[in-house]
Structure formats: C-alpha cells, structure tokens
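Structure, as structure tokens:
None of the figures in this text is laboratory data; all of them are computed from the coordinates on show. All of these numbers come straight from a predicted model, not from anything done at the bench. Ideal geometry is used to build each Cβ from the backbone, glycine not excepted, and the neighbour counts take in all protein chains shown.
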Amino acid sequence: MNTEQNNIIAGLDIGTTKICVIVGQLADNNKINILGVGKASSQGGVSRGMVANVSKVVEGIKEAVAQAEKVSGVKINTVYAGIAGHHIRSLQHRGNLTRQNGEEEILASELLKLEEEMQNLVIQPGLEILHVLPQEYTIDNEKGIRDPAGRIGVRVECNFHIITGETSRANIILRSVQNAGLGVADLVVEPVASSTAVLSPEEMEAGVVLVDIGGGTSDVCVFENGYITHTAIIPMGGDRITQDLQEAFGILKEQAEEVKVKYGSCYPTDSMKNEVVVVPGLPGRQPKEISLYAIAQVIRARMEDIVQKVDFEIQLSGVSGMLNGGIVLTGGGSGLKEVRNLFSWGTGFDVHINSPGKHLGMGMIEEVRSPMYSTSIGLVMKGIEIEHRQGTECVPNKFIQESPKQQSEEPVLEEVIDESSTENKPKLPNWGSKRYKGVKFFGEIINKYLADDSEDFA
C-alpha cells in the first residue's frame with residue numbers, strides 16, 4: 001500500500017528541532033485516523049524554520065519516513081510538506097470574472113479558474129505564490145457571498161488572501177524531499193496547516209488569532225468572519241529561550257532545554273526565590289545551583305519579546321477590534337507554565353491553548369494529541385482537503401518534479417539570513433508606552449541578546 005491509495009496522506013514537518021512525518025487516513029466519520037508517526041532530530045539542519053543544511057535534512061527525512069512506514073505499514077511516495085521562515089509574506093488582491101451568460105448557474109470550475117488566475121499575478125522577483133485563499137465573493141454588486149456556486153450573475157468578484165515565499169527557500173525544501181526519494185504533492189505554509197488542525201469553524205467565524213510557538217519560529221494567523229486576513233512568521237521560538245538559559249547560566253544546551261521543560265515558567269514569583277535546581281557541572285567541576293526565580297526571569301523576558309511581536313502583527317492586521325475568539329496558542333512552546341496568562345496580560349485578549357486531538361479518530365497514536373504536533377496533523381488535513389477539492393487522489397501539481405539523479409556527494413547549503421533589509425517592513429511601535437514594560441533582565445549577556453534580536457524587526 002502507498003500514500004496514493006485509500007485516502008492516505010503523509011504530512012512532512014521540517015521543524016527547527018525535529019523532522020516529523022505523520023501518516024493519516026480519512027475515516028467515514030470525517031475524522032483522521034493516524035496510522036504512523038516518525039521523528040528525527042533536525043539540529044544543525046534547520047535554522048529559524050528554514051533549511052540550512054540539505055544533507056542533514058535529507059538524512060532526517062529518511063529516518064522519519066522509515067519510522068512512519070514501519071509503524072503504519074504504508075509505503076510513502078509523496079508528502080505534503082510544510083514551509084515556514086521569516087520570508088513568508090501575505091497580501092490582499094481582488095479578482096473578477098465576467099460571464100457571457102448571466103442566466104446560467106455559476107460553476108465550481110469557473111471559481112477555480114478565477115483562483116488560478118491569481119497564480120499569474122506579477123509579484124516581486126524571487127518570490128512565488130504559495131497559497132491563493134478566496135474570501136467573500138460579490139455577484140453583480142451583491143456582497144458577502146461565501147459560496148457562489150449554483151447562483152446566477154454576470155460579474156463575479158472575490159477578495160483573495162495571497163501568501164508568498166522566496167522561491168529559493170521553496171526550492172531547497174523540494175530538493176531536500178526529492179533527494180530523500182519522495183515526491184512533493186504540495187507545499188503548505190505552516191500557520192495555515194496549524195490553523196486547520198486546532199481551530200474550529202466557530203472560532204474562525206468569531207475572529208481569532210492562532211499563534212503556533214515552535215522551536216525556531218512563532219507562526220501567526222489572523223481570521224475574521226471565517227477567512228484568513230493576515231499571516232506572519234516571527235523568527236523566534238522555544239529554541240531562543242533555551243539559548244538564553246544556556247548563555248545566562250553557563251550550562252550545556254541539553255541542560256538548558258531540560259531546565260526549561262521541567263522547571264520553566266513565564267511568571268517569576270517570590271516563592272521561587274528559595275527554590276533551586278542543581279545542574280551537573282562539567283567533568284571535574286562543581287554542580288551549579290540555579291534559582292527557579294532566575295530561570296523564570298529569563299523565560300519571561302524572551303516570551304514578552306515574542307508577545308510584543310505577536311501583538312504588533314495583530315495590530316497590523318487591522319482587525320484587532322473584531323477578534324471575539326481571542327488568541328489560540330498551540331505548538332511546543334504553548335506548554336510553558338503561565339504562557340496563557342502572559343499572552344492575555346500582554347495583549348488584552350482572552351487566550352486558550354488548543355491541540356489537534358478533536359479532529360482525530362480511532363487508532364490514534366496518543367502522543368500526537370500534544371500541541372507540538374499541530375502542524376504535522378494540519379499538513380495531513382490540508383492534504384485531504386486539497387485532494388477532496390480536486391476530486392482526485394495525489395494529483396501532481398507545480399511542485400512535483402522528476403526524481404533527482406543520484407549524486408556522489410550531497411552539497412551543503414548554509415543558511416544566510418539578511419537581517420538588514422527593511423523593505424516593506426513596518427516599524428515596531430514604541431513598546432515603552434504599552435501597559436507592560438517588560439521584566440528587566442539580569443546579566444549583561446541576556447541584555448545583549450535582546451538588543452541584538454530587536455534589530456531583526458527594525
């Protein structure tokens with residue numbers, strides 16, 4: 001059996017900390033049955049959600065695929081792969097269609113043709129269109145139509161939310177997957193995938209902000225009246241907190257990660273001052289005692305930085321006053337203690353933490369209930385949605401390429417991030433005027449980190 005049979009879809013999430021492959025199948029009750037999960041470390045291969053070393057990513061994909069195939073008994077041929085990184089941008093565009101016979105019913109094929117025309121928009125060189133998402137339609141000046149199929153009219157107009165990404169970044173993902181011996185059915189922007197997995201139609205309709213806090217990025221997706229109106233990817237996530245802890249206390253990265261997960265909190269309290277965690281020292285050196293209060297200070301400072309940037313994206317969306325569903329957190333970073341309260345305090349919105357479990361059916365592998373699998377589950381769901389809409393199974397699209405020829409040596413592509421570019425990048429407001437001032441960080445090292453990071457958004 002392979003992924004092109006029996007409504008079986010494989011999603012591939014190439015994250016900053018892990019590469020995850022999930023094999024899922026659409027059940028009769030419209031739930032997703034998880035057939036298999038495979039994971040591999042992506043350390044050294046991915047930086048801030050983008051492929052930095054092809055060789056290491058290819059190895060990780062092969063390992064994760066092998067695990068998923070073993071558990072599921074399914075041969076994986078093609079995958080729906082996620083794409084992220086701070087190069088992801090979004091814009092709004094209005095398209096229209098003039099019909100020759102306004103007395104005939106509008107066909108779904110006509111609407112699909114209108115979407116396809118959006119793929120031909122002239123955009124900045126070096127970018128390509130990843131998603132064309134229709135919003136509300138207008139038929140002969142009648143506005144607010146969700147599904148015009150079956151109606152009559154001469155002129156059909158539609159607002160589209162268009163998501164773009166750098167062609168070079170997309171090609172690196174394609175190359176990595178193909179060098180691992182797989183085809184790419186489609187590339188899906190990760191916050192779009194996560195939204196599919198954790199948000200309900202009611203939340204989207206009410207207006208909601210999804211924030212997926214991953215290892216290297218925090219992905220933002222804003223919904224209004226059931227439609228995506230704004231997307232953004234902040235190049236900062238849980239790995240940055242780990243790095244801060246490592247630098248602040250002079251401990252190993254693995255130790256910093258363990259401290260974060262086991263003892264970390266977004267709110268330092270007086271009761272923490274007398275509690276310490278003992279971290280083993282290097283060979284021949286004394287162990288270190290670190291107060292829980294100090295750990296919480298480091299975590300809070302970084303998380304406040306992320307909260308501020310999320311709040312900025314919400315204000316930039318222009319619909320901050322219409323988000324009755326508040327903020328929904330997901331991803332591995334949503335597991336930090338008191339993260340919900342910190343986001344609520346920093347943005348003024350009601351905040352909830354969602355996981356993808358409600359969409360999963362029988363035979364579910366228990367570990368995928370965790371919010372850290374939201375993107376992976378969402379990729380499977382988007383794959384099923386895409387193929388259902390196309391009315392076919394695993395239809396090749398623009399992303400599928402011929403399998404690459406065998407190479408004697410895999411080239412290494414190192415990550416290069418241009419942090420000096422300010423084109424089309426709005427300035428951050430003066431956060432000193434906000435109702436929160438941020439916790440003053442202790443230690444010159446961490447202060448330097450925060451100062452350096454702010455330049456990414458200057």
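Under 1.5 on a/c is rounded, so check that first for region 256-387, then, if it is not, pick prolate when a/b is larger than b/c and oblate when it is not; a ≥ b ≥ c are the square roots of the alpha carbon gyration tensor eigenvalues. Walk me through the numbers on the way to the answer.
Details: a/c = 2.71, a/b = 1.44, b/c = 1.89.
Taking the square roots of the gyration eigenvalues as a ≥ b ≥ c, region 256-387 is oblate.
What is the distance in Å between the Cα centroid of region 157-225 and that of region 1-67?
Region 157-225 and region 1-67 have Cα centres separated by 15 Å.
Quick check: from the Cα gyration tensor, does region 172-254 come out rounded (a/c under 1.5), prolate or oblate?
Oblate shape, in that a/c is at least 1.5 and b/c is the bigger or equal ratio.
Starting with the highest mean, order 47-53, 217-223, 90-96 by the number of other Cβ atoms within 10 Å, averaged over the residues of each peptide.
The most tightly packed comes first, giving 217-223, 47-53, 90-96.
Where both residues lie in region 248-381, what percent of DSSP beta bridges are antiparallel, nearest 5?
50 percent
Taking 19 Å as the cut-off for C-alpha to C-alpha distance, list the pairs among Lys18/Lys288; Lys18/Lys260; Lys39/Lys75; Lys31/Lys358; Lys56/Lys309 that go past it.
Details: Lys18/Lys288 29 Å; Lys18/Lys260 17 Å; Lys39/Lys75 16 Å; Lys31/Lys358 8 Å; Lys56/Lys309 31 Å.
Over 19 Å apart, Cα to Cα: Lys18/Lys288; Lys56/Lys309.
Each residue of region 105-120 in order: what ³J(HN,Hα) in whole Hz does its phi give by Karplus 6.51 cos²θ - 1.76 cosθ + 1.60, θ = phi - 60°, with x for Gly and Pro?
5, 6, 8, 4, 5, 5, 5, 5, 5, 5, 5, 4, 5, 5, 5, 9
What FRET efficiency do you get for Ser41 and Ile145 if R0 is 60 Å and r is their Cβ-Cβ distance, rounded to the nearest 0.05?
0.80
Ranking Val380, Val188 by Cβ neighbours within 10 Å, fewest first, what do you get? Kindly include the intermediate steps, with their values, before the conclusion.
Details: Val380 33, Val188 29.
The fewest-first ordering by Cβ neighbours comes to Val188, Val380.
Once you wrap a convex hull around the alpha carbon atoms of region 24-179, what is its projected area averaged over all directions, in nm²?
Average projection, Cα convex hull of region 24-179: 12.3 nm².
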